[in-house]
Amino acid sequence: MSATKNILDTHKDFPTLKRMINGKPLVYFDNGATAQKPQLVIDRINDYYQNENANIHRGVHTLSQDATSAYEEARRKIQVLINAPLEEEVIFTKGTTDGINLIANGFSRGFLNSGDEVIISEMEHHSNIVPWQMACEYTGATLKVAPMNDEGELIFEAFEALLSAKTKLVAITHVSNTLGTINPAKDIVRVAHAKGIPVLFDGAQSVQHMAIDVQDLDCEFYVFGGHKMFGPTGIGVLYGKKEWLDKLPPYQGGGDMIKTVSFEKTTYNDLPYKFEAGTPNIAGGIGLGAAVDYLNTIDWNEVHTHEQGLLKYATEQILQIEGIKIIGTAKNKAGVLSFVHDKAHHYDIGTILDQLGIAIRTGHHCTEPLMHRCKITGTARASFAFYNTKEEIDVFIAALKRALKMLL
Ligand code: PMP
């Protein structure tokens, strides 16, 4: 599909954005937590349940075959979107967390041993910390944490210095949900591969902001969820290089992931089904396919220019307010604006903004170790998507000034 849609026309495609909240038009700046869904996605899920609902893969009847084709078509759409070489390298999961757990679980069973190391960074979401802590606990391996500077950028030399013969995996976020930092993904892969170390990227926060090309990145694993990329919740994707997915053990046992079963021995199915035990989230997969159809109508260069414009404008405006400090000032940032105020609590700011129709997120953003690193308990975070507008930032800044007046 050709890229045709003007980015400034996209707002109207998302029905939730038309809502009034407390008598005010909604300004939705919580895209980092989840993105809104275009009508196309909502209609596709509705249509599936209305006209095609059936279990997939083993049915001989028409409904089952229709549902199977739609679900497998969605896999192919994802393959093209992220430029995966093979369709079977696209594994459907429940989401980012599920994808990371799948790999951590696989690594725990034969790929990590006492004395081995896994490297993450200081800016990880709990989803890319806890599964590795668990894997280390089971295996006796050690978790190493690459530091960041005060701007929220990975200290690359320090990261590189951690890589050694003991390192069995680097697992790092592509874009930080709290700081917006875009990590130097290709450089990370380059230095890790120079030592023969595989790399997993947590792509939860990148897929809504940029085109992802897993062949260009050359990473072994890339993990993301559907709901932050304008698709449904409960569905996500693990991309993995075939050679790795072939050698990792299955995550869960059950239907669909087997070739043959007897009480004595089970043989496992081929990729991608080896990692997809049980009835999957069929509607979610099909809905995610529709989200890809929508993304195929926009131009990622336009998304980039527009979101960078929003970020720059919001940053300039917010810095004019006394007492505000931005948390995360990396040179290379996605549209995420985390901030604290020296007198007002982020929770109070978020609550008053909600009364004024503005949805932002407050708290630790599932990055408690990062909060400790920054010596704060939480931030207020406005996170932008391509459907947001400069006018919405004006409304947000005016409301923030009003909230601070009420609080101070
Ligand atoms: N990693 C990052 C960077 C995230 O922002 C999130 C979601 N906030 C996750 C992982 C986890 O995603 P999910 O809860 O959708 O599995």
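The values are calculated or read from the model by the stated rules, or taken from the named source; none is laboratory data. For clarity, every value in this text was computed on a predicted model and none was experimentally measured. Neighbour counts run over all protein chains shown; Cβ positions are idealised from the backbone, glycine included.
Could you tell me whether His365 is buried (at least 20 other Cβ atoms within 10 Å of the Cβ) and at positive phi? It is true that His365 is buried (at least 20 other Cβ atoms within 10 Å of the Cβ) and at positive phi. If you go through region 59-71 and keep only what is in contact (Cβ under 8 Å) with a residue 40 or more places away in the chain and not hydrophobic (A, V, I, L, M, F, W, C), you end up with just Tyr71.
Being within 13 Å of the ligand (Cβ to nearest atom), part of a helix (DSSP H, G or I) and assigned by TED's automatic domain parsing to the domain that holds Phe201 is the requirement here; does Leu102 meet it? Answer is yes for this residue. Residue-level analysis places Arg58 outside the set of residues that are away from the ligand (no atom under 16 Å from the Cβ), in contact with a Phe, Trp or Tyr (Cβ under 8 Å, 6 or more places away or on another chain) and of a type in the set (Lys, Arg). Of everything in region 154-168 that is in contact (Cβ under 8 Å) with a residue 24 or more places away in the chain and either within 16 Å of the ligand (Cβ to nearest atom) or of a type in the set (Gly, Ala, Ser) (or both), the residue that is nearest to Glu122 (Cα to Cα) is Leu154. As a summary of the residue check, Leu217 satisfies the conditions (1) over 30 Å from Asn296 (Cα atoms); (2) away from the ligand (no atom under 15 Å from the Cβ); (3) without any contact (Cβ under 8 Å) to a residue 40 or more places away in the chain except for the one numbered (1). The selection criterion, being closer than 12 Å to Phe92 by Cα, surrounded by 22 or more Cβ atoms within 10 Å (Cβ to Cβ) and either in the same structural domain as Thr97 (by TED's automatic domain parsing) or more than 12 Å from the ligand (Cβ to nearest atom) (or both), holds for Ile235.
If you go through region 13-61 and keep only what is surrounded by 14 or more Cβ atoms within 10 Å (Cβ to Cβ), of a type in the set (A, V, I, L, M) and farther than 28 Å from Ala382 by Cα, you end up with Ile45, Ala54, Ile56. Of the helices (runs of 4 or more DSSP H) lying entirely inside region 295-384, those containing at least 3 residues that are more than 25 Å from Thr10 (Cα to Cα) and out of contact with any Leu (no Cβ under 9 Å at 6 or more places or on another chain) are 346-355, 368-374.
Condition check ((1) more than 20 Å from Asn281 (Cβ to Cβ); (2) of a type in the set (Asp, Glu)) across all residues:
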| position | (1), (2) |
| --- | --- |
| Leu8 | yes, no |
| Pro15 | yes, no |
| Arg19 | yes, no |
| Pro38 | no, no |
| Ala54 | no, no |
| Arg58 | no, no |
| Ser64 | no, no |
| Ile78 | no, no |
| Glu117 | yes, yes |
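Criterion first (within 16 Å of the ligand (Cβ to nearest atom) and either part of a helix (DSSP H, G or I) or in contact with a Lys or Arg (Cβ under 7 Å, 6 or more places away or on another chain) (or both)) does Asp66 satisfy it? Considered against the rule, which asks whether it is within 16 Å of the ligand (Cβ to nearest atom) and either part of a helix (DSSP H, G or I) or in contact with a Lys or Arg (Cβ under 7 Å, 6 or more places away or on another chain) (or both), Asp66 comes out as no. Across region 105-134, the number of residues qualifying as among the hydroxyl-bearing types (Ser, Thr, Tyr) and away from the ligand (no atom under 16 Å from the Cβ) comes to 2.
Taken as a whole, the structure places Val207 among residues that are crowded, with 21+ Cβ neighbours inside 10 Å, closer than 22 Å to Phe14 by Cβ, under 20 Å from the mean Cα position of the chain (by Cα) and within 11 Å of the ligand (Cβ to nearest atom). Candidates are the residues of region 378-408 that are more than 25 Å from the chain's Cα centre (by Cα) and among the small types (Gly, Ala, Ser); the one that is farthest from Arg361 (Cα to Cα) is Ala398.
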